[in-house]
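Q: Below: one structure in structure tokens.
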Amino acid sequence: MKIWQILFCILLGALSCAGDSSNDSAASPDVFLITIDTLRADHIHCYGYEKIQTPTLDRLAEEGIRFTNAFTPSPITNTSHVTIMTGLLPGNHGVKDFGVMLNPKHVTLAELLKRLGYQTGAFIGSVILDSRSLSPGLNRGFDFYDNFSSPAVGKSRWGRVERRGFDVVQRAEAWLDAHQSGAPRFVWVHLYDPHDPYEPPAPYAQLYRDHSYDGEIAYADAALGNLIAYLRKRGRYQQSLVVVTGDHGEGLGEHGEQTHGIFLYDSTTRVPLLVKLPEMRMQGRTLAAQVRTTDILPTVLDILGVTNDASLDGRSLKPYIDGTETDGRPLLGETNYPMNFGWAPLRSVREDDTKFIEAPRPEFYDLKTDPHETKSLYEPWNPAVQKMRGELKTLGTLAAGTAANAGTVSKQTSDELRALGYLHQRDDLTSSSVAEPSLLPDPKDKIIEFNLIHSALLDVDSARFAEARVKLKEVLRADPQSSFALGQLADIELKTGKFLESAQDWSHASELQPGNSGILFNYGKALKSAGDDRGAESALIGSLKIDPNQYGARLLLSEVDVHLRDFDDARDQLEAATLIHPTFDANRRLAEVLLDEQRYADALQLLQSLIKQRPNDAHLYDLLATAYSGLKQAKDAETARNRAASLRVGSKNN
Ligand SMILES: [Zn+2]
């Protein structure tokens with residue numbers, strides 16, 4: 001774009017011109033979006049909390065604009081982040097659960113900025129936002145998206161499912177170093193630290209000994225401080241647009257909720273929102289109107305002077321900054337997470353002074369007199385309730401879209417979720433049939449159970465099995481029908497070598513949910529570990545009758561068959577398994593079964609094709625030697641044995 005064209009655009013006020021060409025992008029500011037996970041606004045110093053030091057956020061508030069009443073529509077990490085990235089409510093972007101692909105028809109902030117010529121990078125602090133597993137599609141528009149290594153490596157949670165804030169920031173700085181010249185940069189930095197378990201590193205662990213959640217926030221603030229200092233040093237801070245927000249808050253025991261995800265109270269939906277404009281315009285402003293995280297994307301585009309025709313749920317916040325709008329905007333909230341436990345999902349509407357929560361036992365609060373939502377004034381004939389109920393209709397019915405939105409989460413990913421304390425709808429242990437939501441239990445009656453399950457999952461990930469067992473037994477005392485508590489308990493017994501106890505728990509769970517193939521598979525697994533091959537065979541056959549397409553169950557049944565010397569069925573199971581999932585492992589097992597059956601020529605043929613796939617697998621040459629010996633080809637057998645030996649020496653030396 002030529003200078004006269006730019007002047008023309010400014011004169012006309014047609015700011016959309018800025019987006020017409022990437023040649024002028026050198027003049028566009030860098031954009032930094034910082035999301036701090038699990039960050040309650042009222043636990044930040046510049047939001048009035050005196051027990052913490054957050055110098056970085058405080059200074060950003062001084063140099064920018066602080067929105068004192070910002071809210072997220074969702075208390076779930078990936079759902080909330082997709083809302084920030086698209087400007088859409090969960091019901092409209094569709095990512096209401098872990099592992100749901102973001103539909104390409106919804107354009108992300110990164111895609112929009114990329115089209116404007118920006119260089120784009122994303123740096124995440126948790127595997128929950130990994131675009132290859134739990135947040136597919138969230139990487140769209142990013143030149144670089146810093147996923148976790150796959151498969152997850154290491155035993156420590158650091159690097160496997162979480163990254164410390166300083167680690168995330170240093171990765172972002174390295175990328176910025178490599179992208180200093182040319183087009184402006186859009187960088188999203190996600191700091192996961194305040195998410196539980198609260199384990200701040202030194203010195204924050206000591207400084208916040210009795211408030212470790214605050215310690216994590218103070219640490220995240222320091223990590224962000226490192227990034228801001230880096231930008232100042234390179235002279236890139238003054239000009240840049242910096243937006244800082246949270247994806248949701250944290251219950252901290254309010255309403256009985258320790259963490260987040262189940263309820264829609266302000267404790268988990270109110271987040272900070274700081275916007276530092278280029279050249280520190282409007283610095284130090286404080287705006288009290290109710291705004292939403294759906295408003296972030298249109299605001300960024302508006303500040304950059306880009307028009308966007310897409311129909312969004314959020315609207316630019318610039319009118320508040322300019323002083324032309326003062327009234328708050330209604331917030332529609334929702335959470336389906338309770339459904340993972342068989343409990344009712346929740347919906348809410350929040351206005352400046354009132355809040356309605358649709359639940360089996362609905363709630364209505366006057367926030368002026370009751371800001372902590374402790375005394376529900378719900379009456380169905382209250383006109384305010386009726387009006388808010390009407391607004392909720394735009395979200396669709398409670399049941400709609402829940403089953404359709406269940407994500408596809410692999411076994412490994414599901415394990416990563418559990419390591420973070422979450423359960424997934426498609427887990428083996430949960431109910432496959434979803435009842436009419438209004439008939440489901442109210443999450444208010446289940447919150448103690450939820451806290452115990454969440455805490456037990458974290459215990460299991462850290463191998464604190466005894467503690468986890470106590471918590472799960474407590475859940476079962478309160479709710480003997482809880483098949484997921486039973487399943488978790490059975491899993492612990494299996495992990496700790498108590499195979500018979502594990503089998504008993506699974507058997508009990510199977511009585512509670514007779515049609516659940518996953519429970520029967522696990523029952524079979526426990527029986528096999530306990531040495532009961534006949535029992536395992538019958539459980540696995542039962543499981544495969546319900547769902548024949550289970551690769552793992554067929555593999556396991558083939559092992560049981562080999563023990564029982566039923567080679568025909570073992571082979572059938574493995575052949576069926578390779579049809580479901582044509583993997584190397586199933587084929588190698590098949591070769592082993594053929595050798596056990598003394599079908600050496602068939603085994604030889606299969607092994608030769610497998611060796612082509614993995615020419616350096618010593619074990620395949622062992623099997624090959626067995627096949628040649630069986631065929632009385634002693635010289636070939638000798639060669640295969642030597643090859644296996646030399647491969648083993650080679651791998652040791654490496
Ligand atoms: Zn989160």
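Nothing in this text is a laboratory measurement; each read-out follows from the coordinates by a stated rule. Computed from a predicted model, the values in this text were never measured in an experiment. A quick note on method: Cβ atoms are made from the backbone with ideal geometry, for glycine too, and the neighbour counts reach across all protein chains shown.
Q: Given the -39500 (n - 2.57) contribution per DSSP H run of 4+ residues, what per-residue ellipticity at 222 nm results for the chain, rounded to the nearest 500 deg cm²/dmol? Could the numbers behind the result be given before it?
A: Details: 25 runs with 287 residues, N = 654.
Rounded to the nearest 500, it is -13500 deg cm²/dmol.
Q: Calculate the length of the line joining the C-alpha centroid of the stretch 177-224 to that of the stretch 242-320, in whole Å.
A: Measuring centre to centre over Cα atoms gives 19 Å.
Q: Then there's this: Would you list, by chain and number, the aspartates and glutamates whose Cα falls below 17 Å from the Cα of Lys632, excluding same-chain residues fewer than 8 positions away?
A: Of all the aspartates and glutamates, those that pass the test against Lys632 - Cα under 17 Å, at least 8 places apart if same chain - are Asp596, Glu597, Asp602, Asp622.
Q: So how much slack lies between Ala634 and Ser156, counting 0.36 nm per residue of separation and subtracting their Cα-Cα distance, in nm?
A: Working: separation 478, 0.36 × 478 = 172.08 nm, distance 4.81 nm.
My answer for the length gained is 167.3 nm.
Q: What is the calculated FRET efficiency for Thr369 to Lys545, with r their C-beta to C-beta distance and R₀ = 51 Å, to the nearest 0.05?
A: In this case the efficiency is close to 0.30.
Q: Rank these for me by crowding, Glu250, Glu173, going from fewest to most other beta carbons within 10 Å.
A: In increasing order of surrounding Cβ atoms, one gets Glu173, Glu250.
Q: With helices defined as uninterrupted DSSP H runs, which ones in the chain have an alpha carbon span along their own long axis of at least 24 Å and mean Kyte-Doolittle hydropathy of at least -1.0? Could you put the intermediate results ahead of the total?
A: Numbers: long enough: 212-233 (31 Å, 0.07); 634-653 (29 Å, -1.05).
The qualifying helices are 212-233.
Q: May I ask you to evaluate 6.51 cos²θ - 1.76 cosθ + 1.60, the Karplus curve with θ = phi - 60°, for each residue of the stretch 109-118 and list the ³J(HN,Hα) values in order in whole Hz, giving x for glycine and proline?
A: The phi angles translate into 4, 4, 5, 5, 6, 4, 4, 7, x, 6 Hz.
Q: What does the extension gain come out to for Glu467 and Gln206, with contour length at 0.36 nm per residue minus their alpha carbon separation? Could you put the intermediate results ahead of the total?
A: On the way: separation 261, 0.36 × 261 = 93.96 nm, distance 2.47 nm.
Extra length available between Glu467 and Gln206 comes to 91.5 nm.
Q: Related question: Find, among the trypsin sites (Lys or Arg not before Pro) in the stretch 231-279, those assigned to loop by DSSP (not H, G, I, E, B) with at most 15 other beta-carbon atoms within 10 angstrom. Display every interim value, and only then the final one.
A: Values: sites: Arg232, Lys233, Arg234, Arg236, Arg270, Lys276; in loops: Arg234, Arg236.
Qualifying residues, ordered by number: Arg234.
Q: So, one more: Considering only the chain, what is the antiparallel percent among its DSSP beta bridges, to the nearest 5?
A: 45
Q: So if each residue of separation counts as 0.36 nm, and I subtract the Cα-Cα distance between Asn616 and Arg232, what length gain in nm does that give?
A: Details: separation 384, 0.36 × 384 = 138.24 nm, distance 5.17 nm.
Using 0.36 nm per residue and subtracting the Cα-Cα distance, I get 133.1 nm.
Q: Rank the residues Ile303, Ile36 as a footprinting-exposure proxy: fewest other Cβ atoms within 10 Å of their Cβ go first.
A: Numbers: Ile303 21, Ile36 28.
By the 10 Å Cβ count, ascending: Ile303, Ile36.
Q: Cross-link partners among lysines for Lys276, C-alpha distance below 26 Å, same-chain residues fewer than 8 apart left out?
A: Lys51, Lys114, Lys233, Lys318
Q: Also, quick follow-up: Within straight cross-link reach of Lys387, meaning Cα distance under 16 Å, which lysines are found once same-chain residues fewer than 8 apart are removed?
A: Cα-Cα hits under 16 Å: Lys355.
Q: Same structure again: If a paramagnetic tag sat 7 Å from the Cα of His563 along the Cα-Cβ line, which residues of the stretch 577-602 would have the backbone N under 17 Å from that point?
A: Under cut-off, by backbone N: 593.
Q: Next question, about the same structure. Label points 7 Å out from Cα along the Cβ direction at His581 and Thr326: separation in nm?
A: 6.1
Q: Arrange Arg185, Arg315 by Cβ neighbour counts within 10 Å, fewest through most, would you?
A: Fewest to most other Cβ atoms nearby, the residues stand as Arg315, Arg185.
Q: On to the next question. Using the basic label-point model (7 angstrom from Cα toward the beta carbon), what is the Lys318 to Lys495 distance in nanometres?
A: Each label point is offset 7 Å from its Cα along the Cβ direction, giving 5.2 nm.
Q: Placing +1 at every Lys and Arg Cβ and -1 at every Asp and Glu Cβ, with all other atoms neutral, what dipole size does the stretch 510-603 have around its Cα centre, in debye to the nearest 20?
A: In debye, rounded to 20, the stretch 510-603 gives about 220.
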